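To start, the structure itself, in structure tokens.
Laboratory data are not the source of any read-out in this text; all were calculated from the coordinates shown. This one's a predicted model, so the numbers in the text were calculated from it and none came from an experiment. Note that we place each Cβ from the backbone using ideal geometry, even for glycine, and neighbour counts take in every protein chain shown.
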Amino acid sequence: MQLVQDQYQVVGNPIKHSQSPWIHSQFAQQTQQNLGYIACQLSLDNFEAEIRTFFSQPQNKGCNVTVPFKERAFHLVDELTERAQQAGAVNTIKKQTNGQLLGDNTDGVGLVRDLLAKGVNIAGSKLLIVGAGGAARGVLQPLLAQQPQQLVITNRTLGKAQELVQRFSHNTSISAQPMSQLDQAFDLIINATSASLSGDIPALLTAVINAKTVCYDMMYGAQPTPFNQWAKAQGCPYYYDGLGMLVEQAAESFWLWRAVKPETTSVISQLRARLKG
Ligand code: NDP
């Protein structure tokens, strides 16, 4: 008798450029897990009902959630992990054995793992986060857990950065500052804005970069992102995009669902080649 294959999906709107089905099929092959994984565009009007219908089928075990549904997923699930609670957003849903939906957020751990794998020092560093949207919020706690000396958040709309800082007001190393007043170099700058999507660059002063600064753009692509091109032009010696973060957050979702840890280094380099090809 053929066993029914466990099914997973990534949902978003739009979704057709998602690399997640390819990444998870690599993980499944590598770890010999028998599962299916597809991308599915859900309607903006009917997200909650469509997710509930998906999970009503016994073979459907888990789901990744991307833009613009992460906050709606946060409110939809029955239970939250601590890191999803802190992020205020859910990118991974797991159907538990009792049928309840568990919401998790693996973006922050994905970013931190990718930075550490690249040899980037977070502990004791002066860290600048540019952007105060969902992605910034999701990575703050995991970054703070690495104990940077200072974590500054800046954003085009400063009030949103100040709101984020309020959530972590117990931590004295975190502050919000306007971009125009940042005139000292940072060890690590993480671009968590979506500016690169439209070819824009946040209005940072060039003084934020010196010869030791590492820049990281959460966006990724076949070519260096506009932010990383700007960083390079300012003399930044080390700049990375968010492709490693994408694979690492997927690996953490896979672990949550399957209790198996896939190897990520080869998947990151294959995905890089695939994007360029
Ligand atoms: P949101 O829409 O929640 O937030 C967008 C942020 O970008 C806001 O801070 C906004 O500022 C800022 N912004 C947008 N346009 C500009 C601009 N032209 N100049 C300056 N700032 C700008 O998006 P997310 O936080 O969900 O996503 C941010 C980025 O992170 C996206 O590129 C996304 O693809 C990427 N990401 C990558 C992941 C990965 O695995 N690699 C995972 C998650 C996200 P304001 O508040 O002033 O509007």
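The calculated FRET efficiency for the pair Gln223 and Lys16, based on their C-beta separation and a Förster distance of 25 Å, comes to about 0.80. Taking amide H atoms as placed 1.01 Å from N in the peptide plane, the amide H of Ile153 lies under 5 Å from those of Ile129, Ser175, Ala176, Gln177, each 5 or more residues away in sequence or on another chain. The label point for Gln234 and the one for Glu48, both projected 7 Å from the Cα toward the Cβ, are 4.2 nm apart. Between helix 134-144 and the chain there is an angle of about 70 degrees, using the helix long axis and the longest principal axis of the Cα atoms. Each label point was placed 7 Å from the Cα along the Cα-to-Cβ direction; for Asp78 and Arg274 their separation is 3.3 nm. In the chain, Cα pairs under 8 Å separated by at least six residues give a relative contact order of 15 percent.
Summarising the amide proton neighbourhood of Ala39: residues at separation of 5 or more, or on other chains, whose placed amide H is nearer than 5 Å comprise Val10.
Output the 0 to 90 degree angle, nearest 10, between the alpha-carbon long axis of helix 265-276 and the longest principal axis computed from the alpha carbons of the chain. For helix 265-276, the angle is close to 80 degrees.
Rg and Dmax over the alpha-carbon atoms of segment 180-251 stand at 12.0, 38 Å. If you run the Gaussian network model on the chain, springs between alpha carbon atoms under 10 Å, then out of Asn210, Asn34, Asn60 the most flexible one is Asn34.
In this calculation the C-beta distance from Ala207 to Arg167 is compared with R0 = 25 Å, giving a FRET efficiency of 0.35. Within straight cross-link reach of Lys95, meaning Cα distance under 16 Å, which aspartates and glutamates are found once same-chain residues fewer than 8 apart are removed? In chain and number order, the partners are Asp6, Glu48, Glu50, Asp78, Glu79, Asp104, Glu252.
Comparing mean-square fluctuations of His170, His24, His75 from a GNM of the chain with C-alpha springs under 10 Å, the top value falls on His170. Comparing Lys160, Lys94, Lys16 in a Gaussian network model of the chain, where Cα atoms under 10 Å apart are tied by springs, the biggest mean-square fluctuation is seen for Lys16.
Pairs Lys126/Lys261; Lys118/Lys232; Lys70/Lys118; Lys70/Lys94; Lys94/Lys160; Lys118/Lys160: which are spaced more than 23 Å apart, C-alpha to C-alpha? Before the final figure, lay out the partial values.
Values: Lys126/Lys261 31 Å; Lys118/Lys232 18 Å; Lys70/Lys118 27 Å; Lys70/Lys94 14 Å; Lys94/Lys160 30 Å; Lys118/Lys160 30 Å.
Going by Cα-Cα distance, Lys126/Lys261; Lys70/Lys118; Lys94/Lys160; Lys118/Lys160 fall outside the 23 Å limit.
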